[in-house]
Structure formats: C-alpha cells, structure tokens
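Reviewing the structure listed below.
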C-alpha cells in the first residue's frame, strides 16, 4: 500500500512510491521497443552489431532502467566528444553533467575499470616486444583516453613478457630500478601519456630517461624505450634517436 509522508513546513506531500527501489520504477515511455531491439541485436549478431553510442546507452539503461538514457548518452557525447572519452572522463566531470546522476557515473567508471583490467589480464603473459603493434595497442588502451597525465613502468622478464605494469608517482630513476629488481625484471619500458593528444618529449624528460637507462644498465637491466601516448598517436624516444 502506498503511504504518504507527512507535510513538513512548506513542502508538499511526497509519495513513498516515488522513492521505491529502481526495479519498480516505471520505464520511460517509448523506450521498451528501442531497448529490446538493442538487446536483440546484441544477442543475435554479437557486439559488433552495436556502435559505440549504442554500447554507452546500454550500459546506462542497464544501470538506470527508469531513466531516459538516450538523452543521457547524447549529453555525454556532446560534452566529451565520443563514447570512449566519456568512459575515460574523471568521475567529477561526469557528475557535473545535469543529465548524469551518481549511479550512471559509477556504471561508466566500472566498465572502464573492467575493460582496463581485462586488457591487463589478456596481455600479462604474452610477449610485448616481439610485436611493436601489440605494445602500442596495450599502451593505447590503458592511457590514450586518460584526461590526467599518468606515468607507468612496464617490467619484463627475459622473454619480454609483462611481469608488472605499475603507476609511477614521480620520475625517480633509482626507485624505478629498485622496483625492477624487486620484480626480478630484466627489462623495462617507461611510458606516460599526454592528455592534450600531442605527444612530445621535453628536454627534462629526455635527460631523466637517459639517466634511467644508465642506472638500469648498472644492474644488467635493459631500458627498451620510453613511449609517450597521445589520443590516437604516440612517439618513441628510441625511434627518435634520443635514447
């Protein structure tokens, strides 16, 4: 039975039914057929039958079945430019959009986290350096759409398999070499992203990378490269002759 909350001050009555659990809230009018078609397309043809915007919308209406998630999707694309950029957007930026509430923002960040961890798991025991394209694919999936600069260090075994992929708070060559020794790594790759999407090495970056190479060599650890990842592009200090 629907109960009525008492009137408090100048506030009108609130129906408890309006704050019922999401599963009992009505689905927005006109969305049943649209959502059913997206689900059918996914189940019958596979994920490749959905475009990026469809995927984003399905994530949202799975988490928010009572909301107009098409409008939410359009707001995200308008603000961030693409579905991938929306998934990679920081949580405060997502919550700053009027159409997005906390459950929707959390759903998007969970998908991004799951995708990143899946890539890490799939790549963990595969050679990275025998195929340059796979290395760039791995680094791009991890960093290309990040809107905050991140530094990472990849630690490799003698067969160039990934032992660990760790965030680096500051570019400290000694600390990086000590971590390589702790991992019993025989090689390293230094990497960071450029959120502006125009990767380029600074003079300081080049000096630090050369210092890291020398420090690693003193422990028979090879620094293979320092790679800078942008949005859809990348550069290698080794290929530029700077390492």
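The values are calculated or read from the model by the stated rules, or taken from the named source; none is laboratory data. Small disclaimer: the values here were computed from a predicted structure and weren't measured. Positions of Cβ are generated from backbone atoms using ideal geometry, with glycine treated the same way; all protein chains shown enter the neighbour counts.
So which of 13, 40 ends up being at pLDDT below 80, surrounded by fewer than 17 Cβ atoms within 10 Å (Cβ to Cβ) and part of a helix (DSSP H, G or I)?
Among 13, 40, only 40 is at pLDDT below 80, surrounded by fewer than 17 Cβ atoms within 10 Å (Cβ to Cβ) and part of a helix (DSSP H, G or I).
Select from segment 44-63 the residues that are under 17 Å from the mean Cα position of the chain (by Cα) and closer than 14 Å to residue 84 by Cβ and write down the one among them that is surrounded by the fewest Cβ atoms within 10 Å (Cβ to Cβ). Full working, then the answer.
We begin by selecting, within segment 44-63, every residue under 17 Å from the mean Cα position of the chain (by Cα); these are 52-53, 55-56, 59-60.
The next check asks that each one be closer than 14 Å to residue 84 by Cβ; those that pass are 52-53, 55-56, 59.
Details: 52: 14, 53: 16, 55: 18, 56: 24, 59: 20.
Only one residue fits best here, namely 52.
Filter the strands (runs of 3 or more DSSP E) completely within segment 154-243 down to those with at least 2 residues that are at pLDDT 90 or above and crowded, with 16+ Cβ neighbours inside 10 Å.
Ranges flagged: 187-193, 222-229.
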